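Below is one structure; the comments refer to it alone.
The values are calculated or read from the model by the stated rules, or taken from the named source; none is laboratory data. Bear in mind the structure is a predicted one, so any value in this text is a computation, not a measurement. Cβ coordinates were reconstructed from backbone atoms using ideal geometry, including for glycine residues, and neighbour counts include every protein chain displayed.
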Amino acid sequence: MADRMEPILPGSYLGILGGGQLGRMFTQAAQAMGYKVCVLDPGSDSPAGSIAEKFIQADYIDSAALKEMAALCSSVSTEFENVPAQALDELEALGVFVAPRSSCVSLAQNRIAEKKFLATWKSETNIGPAPYFVIEHDADIAHVPVDLFPGILKTARMGYDGKGQVTVYSPSELTTAWNELGRVSCVLEKRMELDFEVSALVVRGHDDAVVAYPVSQNIHRDGILHTSTVPAPSLKPAQEKKIVDAAKALIRKIEYVGVLCVEFFVLKNGDIVANEIAPRPHNSGHYTMDACVTGQFEQQVRAMARLPLGDTRQLAPVSMLNLLGDLWFEGSEDKAKEPAWNKVLAHPDAKLHLYGKSAPRIGRKMGHINCLGEALNEARQNCSAVAIELG
Ligand code: ADP
Ligand code: MG
């Protein structure tokens with residue numbers, strides 16, 4: 001087994017669990033630095049697997065596949081939080097440097113553990129979660145504090161892009177919603193009066209070095225991220241400092257190695273609430289790829305290879321526009337069109353990233369565009385102009 005403190009140098013294999021767009025951009029960053037990449041994903045149609053030096057198509061808990069990965073890779077990371085903790089533990093037991101480790105990933109897999117964690121460390125981070133109540137049995141519903149209504153019922157597991165969430169206004173609606181969600185473990189969260197949403201992106205190296213990126217301000221549409229703008233137009237400097245300090249305290253607390261995203265709500269009354277954590281590079285951090293000295297995927301490579309972390313300095317204001325499959329259709333999926341790339345690229349500040357997915361679908365993340373500008377307003381205007389070109 002290699003020394004656990006030694007850097008893993010270019011030329012070596014790095015492993016990634018999950019072969020979607022995050023795995024693909026990780027692979028591209030690793031390859032740009034001279035690494036080879038091994039992707040493990042159960043699906044045959046894998047944006048990351050199609051460009052990696054080695055693609056293992058197997059279940060995440062397939063022991064033979066994990067052994068094959070461990071034989072090749074000194075270090076493995078994950079591109080999504082729902083990879084079974086068992087897979088990470090097995091790799092760790094095989095001597096692989098797993099970053100982030102399974103306890104950190106598990107925390108983000110379950111909203112109950114996540115909220116409890118955020119509430120527990122409020123005294124250190126100064127920012128806690130929205131008021132919530134855990135619902136695991138029918139009888140729990142009778143004990144829900146009335147001041148949690150209107151609330152949002154969220155499944156404890158497997159929620160993403162607003163899926164597995166229902167807004168409820170009363171205990172009877174809560175009962176109906178809980179039944180609709182399949183009576184699985186849930187969290188009822190008080191619906192907060194949001195002014196805007198932001199996310200912090202922090203990175204920790206194996207040596208406890210921690211760096212933070214500028215906070216992004218995020219706009220969602222139908223539960224899916226639409227734009228991320230940096231610097232966050234509505235955020236006051238004191239709020240940004242409080243958010244970054246909280247995210248840095250969290251990443252140290254859990255001894256996390258790699259890129260971590262923490263989502264926050266800024267409320268109408270100016271208060272800040274911690275929403276959720278994502279144990280990986282995040283959609284709201286794609287802006288770093290063109291607007292910062294070091295992109296978030298390169299940073300993930302550096303952290304898992306036990307290299308010094310890169311500079312997070314922002315070089316230009318930016319607004320990132322997500323590209324969903326909807327752009328490939330005229331309203332419905334039976335009327336296909338090709339997005340006007342030539343018009344988009346006529347904007348010299350627009351940096352196009354497409355994920356190489358085989359088929360567009362409504363709501364599917366197909367790519368993103370980072371729109372830069374000399375000033376924040378110019379970046380935002382470029383982003384609006386590009387969005388209009390795309391229709
Ligand atoms: P997901 O895992 O789907 O991203 P989130 O918990 O981040 O789940 O919720 C998705 C979106 O729903 C948030 O970005 C926010 O816009 C809205 N939302 C979630 N929780 C609350 C809340 N307690 N109050 C108000 N809005 C919320
Ligand atoms: Mg979220």
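Quick notes on this one:
- Selection within the stretch 337-380: residues that are under 17 Å from Leu315 (Cα atoms) and touching a Ser or Thr at 6+ places or on another chain (Cβ under 7 Å). The member of this set that is surrounded by the most Cβ atoms within 10 Å (Cβ to Cβ) is Cys371.
- Of all residues assigned to the stretch 300-313, none qualifies as being outside any loop (DSSP other than H, G, I, E, B) and surrounded by fewer than 20 Cβ atoms within 10 Å (Cβ to Cβ).
- Residue ID - surrounded by the fewest Cβ atoms within 10 Å (Cβ to Cβ), chosen from residues in the stretch 74-118 that are aliphatic (A, V, I, L, M) and more than 21 Å from the chain's Cα centre (by Cα): Ala93
- Taking residues in the stretch 29-56 that are acidic (Asp, Glu), and partners anywhere that are surrounded by fewer than 20 Cβ atoms within 10 Å (Cβ to Cβ), the pairs with Cβ atoms closer than 7 Å and at least 6 places apart or on different chains are Asp41/Gln57; Asp45/Ser358; Glu53/Lys36.
- Single unsatisfied condition, Thr229 versus (1) farther than 21 Å from Leu118 by Cα; (2) of a type in the set (S, T, N, Q); (3) over 21 Å from the mean Cα position of the chain (by Cα); (4) outside the structural domain of Leu153 (by TED's automatic domain parsing): (3)
Residues checked against (1) more than 16 Å from ligand 2 (Cβ to nearest atom); (2) at pLDDT below 95; (3) surrounded by 15 or more Cβ atoms within 10 Å (Cβ to Cβ):
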site	(1), (2), (3)
Tyr132	no, no, yes
His137	yes, yes, no
Ala142	yes, yes, no
Pro150	yes, no, no
Lys163	no, yes, no
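- Residue-level check: of (1) farther than 17 Å from Pro231 by Cα; (2) part of a strand (DSSP E or B), Leu321 misses just (1).
Residues are listed down the side, and each one gets a yes or a no for (1) modelled with pLDDT under 95; (2) surrounded by fewer than 16 Cβ atoms within 10 Å (Cβ to Cβ); (3) outside the structural domain of Ile369 (by TED's automatic domain parsing); (4) of a type outside the set (Phe, Trp, Tyr):
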site	(1), (2), (3), (4)
Met1	yes, yes, yes, yes
Gly20	no, no, yes, yes
Lys36	no, no, yes, yes
Pro42	no, yes, yes, yes
Ala48	no, no, yes, yes
Ile51	no, no, yes, yes
Asp62	no, no, yes, yes
Glu68	no, no, yes, yes
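- Selection from the stretch 264-301 of residues that are basic (Lys, Arg) and either within 16 Å of ligand 2 (Cβ to nearest atom) or not assigned by TED's automatic domain parsing to the domain that holds Ile369 (or both): Arg280
- Flag if Lys268 is in contact (Cβ under 8 Å) with a residue 24 or more places away in the chain, within 15 Å of ligand 1 (Cβ to nearest atom) and more than 20 Å from the chain's Cα centre (by Cα): yes
- Listed by position, the helices (runs of 4 or more DSSP H) contained in the stretch 85-152 that have at least 2 residues being in the same structural domain as Cys73 (by TED's automatic domain parsing) are 85-93.
- Condition met for Ala29 (more than 21 Å from Leu309 (Cα to Cα), of a type in the set (A, V, I, L, M, F, W, C) and not assigned by TED's automatic domain parsing to the domain that holds Val301): no
- Qualifying residues in the stretch 189-214 (those that are over 22 Å from Ser284 (Cα atoms) and in a strand (DSSP E or B)) - the one farthest from ligand 2 (Cβ to nearest atom): Lys190
- Where Val230 falls short, out of the listed (1) modelled with pLDDT under 95; (2) hydrophobic (A, V, I, L, M, F, W, C); (3) under 16 Å from Asn283 (Cβ atoms); (4) more than 16 Å from ligand 2 (Cβ to nearest atom): (1)
- Taken over the stretch 165-178, the residue count meeting the criterion of being more than 16 Å from ligand 2 (Cβ to nearest atom), without any contact (Cβ under 8 Å) to a residue 40 or more places away in the chain and under 29 Å from the mean Cα position of the chain (by Cα) is 3.
- Flag for Glu298 being more than 21 Å from Ile224 (Cβ to Cβ), at pLDDT below 95 and not β-branched (Val, Ile, Thr): no
- Qualifying residue in the stretch 252-262 (condition: surrounded by 14 or more Cβ atoms within 10 Å (Cβ to Cβ), within 12 Å of ligand 1 (Cβ to nearest atom) and part of a strand (DSSP E or B)): yes
- Any hit, the stretch 188-211, residues being surrounded by 14 or more Cβ atoms within 10 Å (Cβ to Cβ), of a type in the set (S, T, N, Q), within 28 Å of Ala99 (Cβ to Cβ) and in contact (Cβ under 8 Å) with a residue 60 or more places away in the chain: yes
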